[in-house]
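A.B. asks: Below: one structure in structure tokens.
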């Protein structure tokens, strides 16, 4: 067999013959922050996905308004084709909250396109109704689309909600998948591109179905709390808390960080290419990945009572003792080199050429 | 069939829609009537079709939440909003951050401009000038480009203008792909101080909560020097490309042309002067590393932020809102005792009223901010020139900025870029152009990449001085007062950004953010004055070779994108290949 016939993935030729389209709808009530985040992703990057970086992965065509070459009708053709079943399979990504159009009378809160007969705008809700049932997978990108987020906060005039609230939490796509929620305000860039890559591989039959938790989040991305992945968590264990923002690099819980009770991987994934983040670089966690965001975490800069509940015992009992013992251990032991590293005439390393040292 | 008299000819006008206008952030629809006989754009309507109501649901919240919430207005200018809100809150709480905090804001925001102008220019706007596009719209121009040597090829490495165009082809052109990478490491630079992009975690009232150490500054500085090398190739390459368009298509200066009516609020505060107070805003505003100013009919009429604040008016007309004549007046006089208009953002009450779209009446969710010209009593529709054009125009004219390697002369801005890994020191000069048009807005953007990098260079060196001197504090504490009236003036990458706030009983009583897009994308106001996109498109001549049936509208696209539209607001769509609106017979004395 010639080396060139080797397959680098099972059924590589067949899976690479699949074309998966991505219809990226940014016309929810959002800010396009998740699209912009996507352009900063590095693992995988947008080009990685488009150029098919992994052997065997289906070809991916992304129809995103942020980078599309086409305008207007040429751009929109893909939406009509998707609706008519001409793009099979396709992934529908929705960005932004879904408003309650029962409250907007003859007008609209969010719309895209216009009805050829009436000349009136077509609501985003109608587009979701038309496209979601045809999609092989439906992704809610960002906290607005997943759970409602900022436009859905208290006193909002539009009745905004997340995609699962609108389509139903038990909604199943054409391929039988629940809505895949990638929360974050905006989503951590790689969380979004990695989820998209996973779904593409799944559509190519290359991997097991995506595992989601009760809030429809990919399990591997959201199984740990911010605190569990935070490089400042040891200060918490020591009961040692920052008193000011900025050059005080201790735990931020008393300055408003919600990390102990928020599910997110940003502290160990960073933001762009591993750089940045939230409490790991000095910013309080405001719970932006959570279904309860933002109302349940406001005012953001005040310490949450529930976090303090566990902070005080650490501060006033074992914390300072651990800290003292550990620092002492570092100073007494770890910071000192073993005694045999010297330039004296005699070797004192314990080296014995014929048998193990005793 | 129409009978033509010798003095009449048939004029075909088609109503066209481009919806969405892609390669911008957010979505925008442009509806225009195109006169294909005279190759002219007639009436144009800019629409935005999404409403969220930030100024409504922010009422009653803790003012310290304002920067976290308002950041979410926009997914590309989010950090600009966050910063603007913090400047605004600093005024309300009378707090001045330590110098390292101010430098951190400048370092973050200049990195944002470096990122934003790079990705917008070469992955979005300049796709309109790429080989593939020019081939589809003006094949004769591409043929000429193949034969035209690029003047600065020894610097940027592209032999002909067509080679530059090829480098800009999406996802295949090498300059396009390089820019995607540049747009990532510049966002790494942002995240060193802002934590995250575009909704930062560390930008706070009172200063920056990032842990700023020697390591933070080193990581920033190294990336900044890589960026300078990129700028040295970018500016000459764009100059060659844009100059070629003037030469290849005589009259191209009329594309996107409008009167030079500009607004720019200035940005990058100098910690040696800024105290964030309203009382001293005139002085510290003029010390900004980008000078604030209002330009009316090509004349710089003010650089005074207090005066400018009082000139701002919010008008309705074609947007889906009710007036606030009968609502509460929050601020009758500013903190200096000057009277404040009922139409000023401080006094605006937002009352949405969704309704059927009607181009003769209400057709957009975008209101109409205007500058009130006391001398004439007129409300002027000013634009931001996409940001860099207005920032550089005002800064150059005012002649106040001098950082040594960055100097405003009164007619131009001189910039010296330091030696980098493989290129020597280089000097550039941006001169105030003759026109406010599409090409010059795009050109200003490429120069502003270097401008922003030079501000960053100044600030990173100063910040290192602070850290070496042991002044590592970057945040100061404050108390929220029961009552306050405040404003934050800043620049988003694409232009003016203001946040006006009224605090009562320690809570937000009114919060009115005005980003660049309402200025640029505004609809016709109550006086019938069209917004800048509408104005710049109307009367734009058509150079595209495609006829009505496969018309791409490339000249219009270039006109609109030159403003760097950013509308996390409205989207809508195209209805077909252009419906013939009317065939009119106009008398013509010429043919």
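The values are calculated or read from the model by the stated rules, or taken from the named source; none is laboratory data. Worth saying up front: this structure is predicted, and the values here are computed from it rather than measured. In this analysis, Cβ positions are derived from the backbone assuming ideal geometry, glycine residues included, and neighbour counts consider all displayed protein chains.
A.B. asks: Which residues, taken from the range A:95-121, are in contact (Cβ under 8 Å) with a residue 24 or more places away in the chain and in contact with a strand residue (DSSP E or B) (Cβ under 6 Å, 6 or more places away or on another chain)?
C.D. replies: Listed by number, the residues that qualify are A:95, A:96, A:97, A:98, A:99, A:101, A:110, A:111, A:113.
A.B. asks: So residue B:297 ticks every box in (1) closer than 13 Å to residue B:490 by Cα; (2) without any contact (Cβ under 8 Å) to a residue 60 or more places away in the chain but one. Which box is left unticked?
C.D. replies: Every listed condition holds for residue B:297 apart from (1).
A.B. asks: Mind listing whichever residues of the range A:77-100 are facing chain B (nearest Cβ under 9 Å) and surrounded by fewer than 24 Cβ atoms within 10 Å (Cβ to Cβ)?
C.D. replies: Filtering the range A:77-100 down to residues facing chain B (nearest Cβ under 9 Å) leaves A:79, A:95-97, A:99.
Within the range A:77-100, A:79 is the sole residue that qualifies.
A.B. asks: Among (1) closer than 21 Å to residue B:287 by Cβ; (2) buried (at least 22 other Cβ atoms within 10 Å of the Cβ), there is one condition residue B:414 misses while meeting the rest; what is its number?
C.D. replies: (2)
A.B. asks: Say we look at the range A:295-305 and pick out the residues that are outside any loop (DSSP other than H, G, I, E, B) and more than 15 Å from residue A:263 (Cβ to Cβ); which of these is farthest from the other protein chains (Cβ to nearest Cβ)?
C.D. replies: A:305
A.B. asks: So which residues in the range B:23-49 are outside any loop (DSSP other than H, G, I, E, B), within 20 Å of the chain's Cα centre (by Cα) and on the phi < 0 side of the Ramachandran plot, if there are any at all? Reasoning before the result, please.
C.D. replies: First, the residues of the range B:23-49 that are outside any loop (DSSP other than H, G, I, E, B): B:25-26, B:29-35, B:40-47.
With within 20 Å of the chain's Cα centre (by Cα) added as a condition, the list becomes B:25-26, B:29-30, B:45-47.
Listed by number, the residues that qualify are B:25, B:29, B:30, B:45, B:46, B:47.
A.B. asks: I'd like to check something: does the range A:55-63 contain any residue that is within 11 Å of chain B (Cβ to nearest Cβ) and touching a helix residue (DSSP H, G or I) at 6+ places or on another chain (Cβ under 6 Å)?
C.D. replies: Yes, that holds for at least one residue.
A.B. asks: Run down B:269, B:240 and say which single residue is buried (at least 19 other Cβ atoms within 10 Å of the Cβ) and part of a helix (DSSP H, G or I).
C.D. replies: Going through B:269, B:240 in turn, the sole match is B:240.
A.B. asks: Of all the residues that make up the range B:343-371, how many are farther than 27 Å from residue B:262 by Cα and either assigned to a helix (DSSP H, G or I) or touching a helix residue (DSSP H, G or I) at 6+ places or on another chain (Cβ under 9 Å) (or both)?
C.D. replies: Number of matching residues: 3.
A.B. asks: Test residue B:365 against the stated conditions and say whether it is in contact with a strand residue (DSSP E or B) (Cβ under 8 Å, 6 or more places away or on another chain) and at pLDDT below 95.
C.D. replies: yes
A.B. asks: Answer yes or no as to whether residue B:427 is assigned to a strand (DSSP E or B) and at pLDDT 95 or above.
C.D. replies: yes
A.B. asks: Filter the strands (runs of 3 or more DSSP E) completely within the range B:283-328 down to those with at least 3 residues that are out of contact with any strand residue (DSSP E or B) (no Cβ under 7 Å at 6 or more places or on another chain), on the phi < 0 side of the Ramachandran plot and at pLDDT 95 or above.
C.D. replies: Result: empty, no element qualifies.
A.B. asks: Can you tell me which residue among A:72, A:113 is crowded, with 21+ Cβ neighbours inside 10 Å, on the phi > 0 side of the Ramachandran plot, in contact with a helix residue (DSSP H, G or I) (Cβ under 8 Å, 6 or more places away or on another chain) and facing another protein chain (nearest Cβ under 10 Å)? Quick ask: steps written out before the conclusion?
C.D. replies: Values: A:72 fails: in contact with a helix residue (DSSP H, G or I) (Cβ under 8 Å, 6 or more places away or on another chain).
Among A:72, A:113, only A:113 is crowded, with 21+ Cβ neighbours inside 10 Å, on the phi > 0 side of the Ramachandran plot, in contact with a helix residue (DSSP H, G or I) (Cβ under 8 Å, 6 or more places away or on another chain) and facing another protein chain (nearest Cβ under 10 Å).
A.B. asks: Sort through A:216, A:221, A:177 and tell me the only one that's at pLDDT 95 or above and not in a loop (DSSP other than H, G, I, E, B).
C.D. replies: It is A:221.
A.B. asks: So which of A:211, A:237 ends up being away from chain B (no Cβ under 14 Å), modelled with pLDDT under 95, in contact with a helix residue (DSSP H, G or I) (Cβ under 7 Å, 6 or more places away or on another chain) and under 27 Å from residue A:277 (Cβ atoms)?
C.D. replies: Answer to the selection: A:237.
A.B. asks: Return yes when residue A:257 is within 15 Å of residue A:307 (Cα to Cα), facing another protein chain (nearest Cβ under 9 Å) and without any contact (Cβ under 8 Å) to a residue 60 or more places away in the chain and no when it is not.
C.D. replies: In short, no.
A.B. asks: Another question, then. For residues in the range B:210-230 being without any contact (Cβ under 8 Å) to a residue 24 or more places away in the chain and part of a helix (DSSP H, G or I), which is nearest to residue A:248 (Cα to Cα)?
C.D. replies: Per the stated criteria, the residue is B:215.
A.B. asks: Answer with yes or no whether residue A:52 is part of a loop (DSSP other than H, G, I, E, B), more than 10 Å from chain B (Cβ to nearest Cβ), surrounded by fewer than 16 Cβ atoms within 10 Å (Cβ to Cβ) and in contact with a strand residue (DSSP E or B) (Cβ under 8 Å, 6 or more places away or on another chain).
C.D. replies: In short, yes.
A.B. asks: Still on this model: For the condition assigned to a loop (DSSP other than H, G, I, E, B) and either within 16 Å of the chain's Cα centre (by Cα) or over 30 Å from residue A:162 (Cα atoms) (or both), what is the one hit in A:292, A:277, A:283?
C.D. replies: Values: A:292 fails: either within 16 Å of the chain's Cα centre (by Cα) or over 30 Å from residue A:162 (Cα atoms) (or both); A:283 fails: either within 16 Å of the chain's Cα centre (by Cα) or over 30 Å from residue A:162 (Cα atoms) (or both).
Criteria check complete, one pass: A:277.
A.B. asks: Then there's this: Go through the range B:442-478 residue by residue and tally those that are within 12 Å of chain A (Cβ to nearest Cβ) and either out of contact with any strand residue (DSSP E or B) (no Cβ under 7 Å at 6 or more places or on another chain) or assigned to a helix (DSSP H, G or I) (or both).
C.D. replies: 8
A.B. asks: Name, by its number, the condition in (1) touching a residue at least 12 places away in the same chain (Cβ under 8 Å); (2) in contact with a helix residue (DSSP H, G or I) (Cβ under 6 Å, 6 or more places away or on another chain) that does not hold for residue B:309.
C.D. replies: (2)
A.B. asks: May I ask you to verify whether residue A:154 is surrounded by fewer than 23 Cβ atoms within 10 Å (Cβ to Cβ), over 15 Å from the mean Cα position of the chain (by Cα), within 14 Å of another protein chain (Cβ to nearest Cβ) and within 30 Å of residue B:470 (Cβ to Cβ)?
C.D. replies: no
A.B. asks: Condition first: under 22 Å from residue A:160 (Cα atoms) and in contact with a strand residue (DSSP E or B) (Cβ under 6 Å, 6 or more places away or on another chain). Now tell me which residues in the range A:24-49 satisfy that.
C.D. replies: Matches in the range A:24-49: A:24, A:25, A:26, A:27, A:28, A:29, A:30, A:32, A:34.
A.B. asks: Now, a different point. Here are the criteria: (1) assigned to a loop (DSSP other than H, G, I, E, B); (2) within 14 Å of chain A (Cβ to nearest Cβ); (3) touching a helix residue (DSSP H, G or I) at 6+ places or on another chain (Cβ under 6 Å); (4) within 25 Å of residue A:50 (Cβ to Cβ). Tell me which single one residue B:187 does not satisfy.
C.D. replies: Against the list (1) assigned to a loop (DSSP other than H, G, I, E, B); (2) within 14 Å of chain A (Cβ to nearest Cβ); (3) touching a helix residue (DSSP H, G or I) at 6+ places or on another chain (Cβ under 6 Å); (4) within 25 Å of residue A:50 (Cβ to Cβ), residue B:187 comes up short only on (1).
A.B. asks: Let me ask something additional. Take the residues of the range B:538-591 that are crowded, with 20+ Cβ neighbours inside 10 Å and more than 14 Å from every other protein chain (Cβ to nearest Cβ): which is modelled with the lowest pLDDT?
C.D. replies: Ranking the candidates gives B:540 first.
A.B. asks: Quick test of your reading of the structure: residue B:65 fulfils all but one of (1) closer than 30 Å to residue B:478 by Cβ; (2) touching a residue at least 60 places away in the same chain (Cβ under 8 Å); (3) in contact with a strand residue (DSSP E or B) (Cβ under 9 Å, 6 or more places away or on another chain). Name the failing condition by number.
C.D. replies: (2)
A.B. asks: In this structure, is residue A:133 more than 30 Å from residue B:58 (Cβ to Cβ) and more than 14 Å from every other protein chain (Cβ to nearest Cβ)? Working first, answer last.
C.D. replies: On the way: more than 30 Å from residue B:58 (Cβ to Cβ): yes; more than 14 Å from every other protein chain (Cβ to nearest Cβ): yes.
Yes.
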